[in-house]
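Reviewing the structure listed below.
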Amino acid sequence: MKFPKTYTLKEISQITQTEFIGDKNFPVKGINEIHVVESGDVVFVDHPKYYDKALKSAATVILINKKVDCPKGKALLISDDPFRDFNRLSNYFKPFEPAKQSIATSAKIGKNTIIQPNVFIGNHVVIGDNCVIHANVTIYDNCVIGNHVTIHSGTILGADAFYYKNRPTGYDKLVSCGRVVIKDHVDIGANCTIDKGVTGDTTIGEGTKLDNLIQIAHDTVIGKKCLLASLTAVAGCTVIEDEVTIWGQCGIVSGITIGKKAVLMAQSGVSKSIEGGKVYWGSPVTELRDRQRELIAIRKLPELLKKIK
Amino acid sequence: MKFPKTYTLKEISQITQTEFIGDKNFPVKGINEIHVVESGDVVFVDHPKYYDKALKSAATVILINKKVDCPKGKALLISDDPFRDFNRLSNYFKPFEPAKQSIATSAKIGKNTIIQPNVFIGNHVVIGDNCVIHANVTIYDNCVIGNHVTIHSGTILGADAFYYKNRPTGYDKLVSCGRVVIKDHVDIGANCTIDKGVTGDTTIGEGTKLDNLIQIAHDTVIGKKCLLASLTAVAGCTVIEDEVTIWGQCGIVSGITIGKKAVLMAQSGVSKSIEGGKVYWGSPVTELRDRQRELIAIRKLPELLKKIK
Amino acid sequence: MKFPKTYTLKEISQITQTEFIGDKNFPVKGINEIHVVESGDVVFVDHPKYYDKALKSAATVILINKKVDCPKGKALLISDDPFRDFNRLSNYFKPFEPAKQSIATSAKIGKNTIIQPNVFIGNHVVIGDNCVIHANVTIYDNCVIGNHVTIHSGTILGADAFYYKNRPTGYDKLVSCGRVVIKDHVDIGANCTIDKGVTGDTTIGEGTKLDNLIQIAHDTVIGKKCLLASLTAVAGCTVIEDEVTIWGQCGIVSGITIGKKAVLMAQSGVSKSIEGGKVYWGSPVTELRDRQRELIAIRKLPELLKKIK
């Protein structure tokens, strides 16, 4: 999330109720997660294991729970609870605004776009031209939808990320202030769920087609011209490159990359990044031919064990 | 889909903007997919590999991208792009009609049928007697629902088939003009998705019961008195015969047949037609006892490998 | 379900249209399923295999299809079809009341609770303070929701249990008259389905967090501070103890217990009760390390078979 204008370090320290180290006029432009931060961003870190990564990242303001030496050209915000104070930024800049009607007056809807009955469109949503939004679709605040997009009934764009900190008192939610961005010529089936980014965008690339009952988690980026079949789940912060085909009921963990033109056979499970241009199967996946060989071998295994006895 | 009346070959050639070969008054009655075509139907074919199958099918009008010899008693429509021109027929006979209200005035709803709030019912939908349609259900245009049917909240009947042609410019959608047909005494759980047929009907047979979050794809036919548990996906053009029981999270590929009274244990994956009257498990499935033997053998495998070393 | 007051055996025999054996003033307080019955409850049994279990259970009124000796301190209701007559009780005490508006006037909604547009709230629902119910959520009659609860769009609370008796004439539904109970500080993602109990409560414990597209079946009890990731299914009458973590696409059968602090890796399948405090993987699950050893062994199996030949 970028702030609506550049703030000073002092202003941000007041919003977060933290002490700052650095020039009080140091420019602060937005917040983001560690893997996508850039200059002007605030990043938070609350575990010594990740201090170094955060301090050396592209982020120029580090919200941290220890008074460390401030890296050159950067600034620090010192907090006893960076997670809580990062949430203060999200709540300040993107407070939850209860809806006043089913289709927010602040939503912008393009030409020749059809909105069927019982659709909810939140505040500041932008929908392009020549789209069809079918009945009973829900589009949370700030989602951005391109042109020539079809969204089938029951699909939910922009629910909160499933992202919690385990505290003795219970799970504490990281407030989501990111968006869902749907590019041109995307089709989304019925009853899908595409969560908003925590601080960035969950993105579905141009010309990609989703079947029904698909889960796309926060901050995941799906490339152009991909096909995803029903009941597939893609966890958060994962990158699916262009022209990837994923058959039904596949599961893909968070934070990995599926290479361009990869194909996943149905019911596959992917726990590590995989190269593009290949066909995969199984859980955990191997290349299709290897999986087929394993299956043939497993079929023979009971007989083999008998013989060995 | 049957046309509202019998058309002449010449009329259909005008709608499809194609050249015709045959008697200009040759009767044309509807469109359908290759596996269910009958006399009077148009079928399309755009790949030499399938020319013969299409020309020899029960369809009497073949929309094709080559000037072949016209089979006796049939007619041809010659097109440089049969997929595009087949879509012209669907769009002509079943154009998308945006809704004017949540429950279309053209919908017919039977006696003692309860429609709960926030339900969407599209144009020309027919619902029988003594049904309960729970809140937030979506029923697209032209769906047909029998008597004594219960549909739980969030379920979507009649979204488009997930069926695309891969073109260099992007995925091109085959327009769906079929229907969803729900027979008497069917119960459908919450948040299910049952897609309309591409040209035919997606059918749920009499007395069949579906749990929650189930995906049934286009043109699939499910028999009488089947049970399907939650998070199961059945792909397109598949036939599930009567009294089949499918436990949770199973996946079934397109174009196959599951025989009468077959039972699929949970999380099974079916990639080929299977005989009825048997119990199956695994992905891909084998008969239950074989799968159990394999699992026992796999448990012993690490120890076996140690010994062999 | 507890009746609104204590009834006499004679009154209950009139509602169920059955013959009674015992004191006509014997007190009857409610109905429940065999695994959770208590004194004053009616339990039904229609198969000789389960007669003994029912007669010896904590239930003090047994609805049964054979004139057996009445256990001391108990009463009997004699029926040719206990399933049908048990349904009579459910339909008498919890008849389906069609909604008169989207949010029932009998619903109680707490302070500072936000109800977004297009939400359905059924009769006698109770929602606590400081909740957010997002757009297009459906809450069936009699659900109870605590304080500080967030429910994301498209989620369905309280649809009927998937519970049928196989009769020659078709599947006969056991009428659900239980509830869904959501405790304080629970978050539920988008497009989840949580079914009501058949006679008892389906319960989500305090501080538990559910991701999107999750299925929780009837009468299941989930403990405090659990995490369930997307596309997981938990079947009916299962107990998930406190602080259990379940990753995506897991399946858990009915009637078992997952012990405290157990962790299930993604795509696991659980068919038997498992101990807490351990990490599990696979379908069917084994402990994580055992599963990892098996996978390594399977990778080597094709090569092994070649050598043995």
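The values are calculated or read from the model by the stated rules, or taken from the named source; none is laboratory data. Predicted model only: the values in this text are computed from it and were never measured. Please note: Cβ atoms are built from the backbone with ideal geometry, for glycine as well, and neighbour counts cover all protein chains shown. Areas reflect the complete protein model, heavy atoms only, side chains present, ligands, DNA and RNA absent. Shrake-Rupley method; radii C 1.70, N 1.55, O 1.52, S 1.80 Å.
Taking the options A:214, A:240, name whichever one is away from chain B (no Cβ under 14 Å) and crowded, with 24+ Cβ neighbours inside 10 Å. Break it down stepwise before answering.
Details: A:214 fails: away from chain B (no Cβ under 14 Å).
Among A:214, A:240, only A:240 is away from chain B (no Cβ under 14 Å) and crowded, with 24+ Cβ neighbours inside 10 Å.
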| query | In the range C:212-222, is there at least one residue being more than 11 Å from the chain's Cα centre (by Cα), under 26 Å from residue C:289 (Cβ atoms) and not polar (S, T, N, Q)? | reply | no
| remark: Scanning the range A:263-303 residue by residue, the ones that are more than 10 Å from chain C (Cβ to nearest Cβ), modelled with pLDDT under 95 and more than 19 Å from residue B:268 (Cα to Cα) total 2
| said: Return the pair list, or none, for Cβ contacts closer than 9 Å from residues in the range B:114-125 that are in the same structural domain as residue B:154 (by TED's automatic domain parsing) and under 19 Å from residue C:140 (Cβ atoms) to residues that are part of a loop (DSSP other than H, G, I, E, B) and β-branched (Val, Ile, Thr), at least 6 apart or on different chains. | reply: B:115/B:137; B:116/B:137; B:118/B:137; B:118/C:119; B:119/B:137; B:120/B:137
| request: All but one of (1) outside any strand (DSSP E or B); (2) touching a residue at least 60 places away in the same chain (Cβ under 8 Å) hold for residue B:11, so report the exception by its number. | output: (2)
| said: Tell me yes or no: at least one residue of the range C:221-231 is over 28 Å from residue C:191 (Cα atoms), within 9 Å of chain A (Cβ to nearest Cβ), open to solvent by 50 Å² or more (accessible area, probe 1.4 Å) and without any contact (Cβ under 8 Å) to a residue 60 or more places away in the chain. | reply: no
| request: Go through the range A:26-134 and tell me which strands (runs of 3 or more DSSP E), entirely inside it, have 3 or more residues that are under 24 Å from the mean Cα position of the chain (by Cα) and not hydroxyl-bearing (Ser, Thr, Tyr). | output: A:27-31, A:41-45, A:61-64
| query | Can you tell me which residue in the range A:150-179 is surrounded by the fewest Cβ atoms within 10 Å (Cβ to Cβ), limited to those that are closer than 24 Å to residue B:233 by Cβ and of a type in the set (Val, Ile, Thr)? | reply | A:150
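Of all residues in the range C:112-144, how many are within 14 Å of chain A (Cβ to nearest Cβ) and open to solvent by 20 Å² or more (accessible area, probe 1.4 Å)? Spell out the reasoning first.
Let us first name the residues in the range C:112-144 that are within 14 Å of chain A (Cβ to nearest Cβ), namely C:112-120, C:130-138.
Remaining after also requiring open to solvent by 20 Å² or more (accessible area, probe 1.4 Å): C:112-115, C:117-118, C:130, C:132.
Number satisfying all stated conditions: 8.
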| message | Given the condition of a type in the set (Gly, Ala, Ser), open to solvent by less than 10 Å² (accessible area, probe 1.4 Å), under 17 Å from the mean Cα position of the chain (by Cα) and in the same structural domain as residue C:194 (by TED's automatic domain parsing), answer yes or no: does some residue in the range C:255-262 qualify? | response | no
| Looking at (1) at pLDDT below 95; (2) open to solvent by 30 Å² or more (accessible area, probe 1.4 Å); (3) under 23 Å from residue A:269 (Cα atoms), which is the one condition that is false for residue B:306? | (3)
| query | In the list B:295, B:301, which residue meets the criterion of being outside any loop (DSSP other than H, G, I, E, B) and either farther than 15 Å from residue C:282 by Cα or acidic (Asp, Glu) (or both)? | reply | B:301
| Which of the residues spanning the range A:267-282 are over 23 Å from the mean Cα position of the chain (by Cα) and under 15 Å from residue A:247 (Cα atoms)? | A:278, A:279, A:280, A:281, A:282
| Counting just the residues of the range A:79-111 that are over 22 Å from residue A:199 (Cβ atoms) and among the polar types (S, T, N, Q), which one comes out most open to solvent (accessible area, probe 1.4 Å)? | A:105
| request: Using the structure shown, decide if residue C:147 is over 21 Å from residue B:135 (Cα atoms), within 14 Å of chain A (Cβ to nearest Cβ) and over 23 Å from the mean Cα position of the chain (by Cα). | output: no
| query | In the range A:117-147, how many residues are in contact with a Pro (Cβ under 7 Å, 6 or more places away or on another chain) and polar (S, T, N, Q)? | reply | 0
| Could you list, in sequence order, the residues of the range C:57-83 that are among the acidic types (Asp, Glu) and over 12 Å from residue C:47 (Cα atoms)? | C:69
| said: What pairs come out if I take residues in the range A:89-104 that are more than 7 Å from chain C (Cβ to nearest Cβ) and pair them with residues that are part of a helix (DSSP H, G or I) and of a type in the set (Ser, Thr, Tyr) whose C-beta lies under 7 Å away, six or more apart or interchain? | reply: A:89/A:16
| task | Please tell me if residue B:170 is away from chain A (no Cβ under 12 Å) and of a type outside the set (Lys, Arg). | result | no
| task | Looking at (1) of a type in the set (Val, Ile, Thr); (2) crowded, with 23+ Cβ neighbours inside 10 Å; (3) within 13 Å of another protein chain (Cβ to nearest Cβ), find the lone condition where residue A:245 falls short. | result | (2)
| message | Of all residues being touching a residue at least 60 places away in the same chain (Cβ under 8 Å) and open to solvent by 10 Å² or more (accessible area, probe 1.4 Å) in the range C:180-211, which is farthest from the other protein chains (Cβ to nearest Cβ)? Just the residue, please. | response | C:200
